[in-house]
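Below is one structure, written out as structure tokens; comments come after it.
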Amino acid sequence: MPRDQTSRFKDLRGETIHHFVSVSSFSEYTVLDIAHVVKVDPTVPPNRACLLSCGVSTGVGAAWRTANVEVGSTVVIFGLGSIGLAVAEGARLCGATRIIGVDVISEKFEIGKRFGVTEFVNSKNCGDKSVSQIIIDMTDGGADYCFECVGLASLVQEAYACCRKGWGKTIVLGVDQPGSQLSLSSFEVLHSGKILMGSLFGGLKAKSDIPILLKRYMDKELELDKFVTHEMKFEEINSAFDLLIKGKCLRCVIWMGE
């Protein structure tokens, strides 16, 4: 348990199982900290509510709560996987005017359009310019908000570099390799006036914010349906992972049982 550093569950032999970032997704039974329990409107379909346990909620929350994206602003998203697309969805809901997606797969632009992405940069086709310089040229000085959704220190630095001086925010969502280091100019940090921050679970307060997001879904504002590309039984989970690895899946809902 997070409060006393013990584990929440054990295997059939009674040995402790250590969870990853407080998640024990495939446990049949587990003990929950009361701080992690959220009451959900029973009219919300479970195959949509589950998207807000992590992932989609993280991306939408990063735009909504962590960055507090403003109406009319310019947003750049590095990485158009499920998390990056969720950031785009959140930025769209917040009223961003320009949402620029950066990825190495051009086909993702067509997918991104469904989530509000308005422009696309393939980072493999920047010629002798850096991605950050391309973004600075596109935005006449830099974006208001930059989100790193891949998990690479080099992209965090690129995102920070193309964030607008004076008020720009760079939000880190991607999980990098343990021990990865950032290298930033102390002069630039002091004189640029930009913000660099991380966003765990999108900065959401689960008990109050998840019900708000679910209501927005039921009111047809938050479009959760487009994130689910596949639904499978638990016995088909290996096929689900194959789809994920091949890039043919955004979110696959696994049904544990009828």
Considering amide H positions built from the backbone, and no H for Pro or chain starts, which residues 5 or more places from Leu222, or on another chain, come under 5 Å of its amide H? Tyr217
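Stokes-Einstein at 25 °C, 0.890 mPa s, Kirkwood radius from Cα pairs: D for region 55-203 in µm² s⁻¹? It would help to have the intermediate numbers written out before the result.
On the way: Rh = 14.8 Å.
Approximately 166 µm²/s, per Stokes-Einstein.
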Please report, in Å, the Rg and the Dmax of the chain, where both are computed over Cα atoms only. 19.3, 62
For region 109-114, in residue order, the Karplus 3J(HN,Hα) values (coefficients 6.51, -1.76, 1.60; θ = phi - 60°; whole Hz; Gly and Pro = x) are 5, 5, 5, x, 4, 5
Calculate the FRET efficiency for Met256 and Lys207 from the Cβ-Cβ distance with a Förster distance of 35 Å, rounded to the nearest 0.05. 0.90
Roughly how far apart, in whole Å, are the Cα centres of region 28-47 and region 217-258? 19
Residues whose placed amide H lies under 5 Å from that of Lys233, excluding near-sequence neighbours: Trp255
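Ratio of region 37-83's C-alpha Rg to 2.2 N^0.38 Å, to two decimals? Can you show the working numbers first?
Values: Rg = 13.3 Å, N = 47, 2.2 N^0.38 = 9.5 Å.
My calculation over the Cα atoms of region 37-83 gives 1.40.
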Give me the accessible area per residue for the chain, probe 1.4 Å, as a whole number in Å². 57
Rounded to the nearest 10, the angle in degrees between the Cα long axis of helix 82-94 and the longest principal axis of the Cα atoms of the chain comes to 70
How would Lys246, Lys39 rank on accessible area, largest to smallest, probe 1.4 Å? Lys39, Lys246
Output wanted: per-residue J couplings in Hz (rounded whole) for region 211-224, from phi through Karplus 6.51 cos²θ - 1.76 cosθ + 1.60, θ = phi - 60°, x for Gly and Pro. x, 5, 5, 5, 5, 5, 5, 5, 8, 6, 9, 7, 9, 6
In nm, to one decimal, how far is the Phe241 label point from the Ser154 one, both placed 7 Å along Cα→Cβ? 2.8
Could you list which residues have their amide H under 5 Å from that of Ser123, counting only those 5 or more apart in sequence or on another chain, with H placed in the peptide plane? Asp103, Val104
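The values are calculated or read from the model by the stated rules, or taken from the named source; none is laboratory data. These figures come from a predicted structure and were not determined experimentally. Note that each Cβ is placed from the backbone with ideal geometry, even for glycine, and that neighbours are counted across all protein chains shown. Surface accessibility is based on the protein's heavy atoms, side chains included, excluding ligands, DNA and RNA. Shrake-Rupley method; radii C 1.70, N 1.55, O 1.52, S 1.80 Å.
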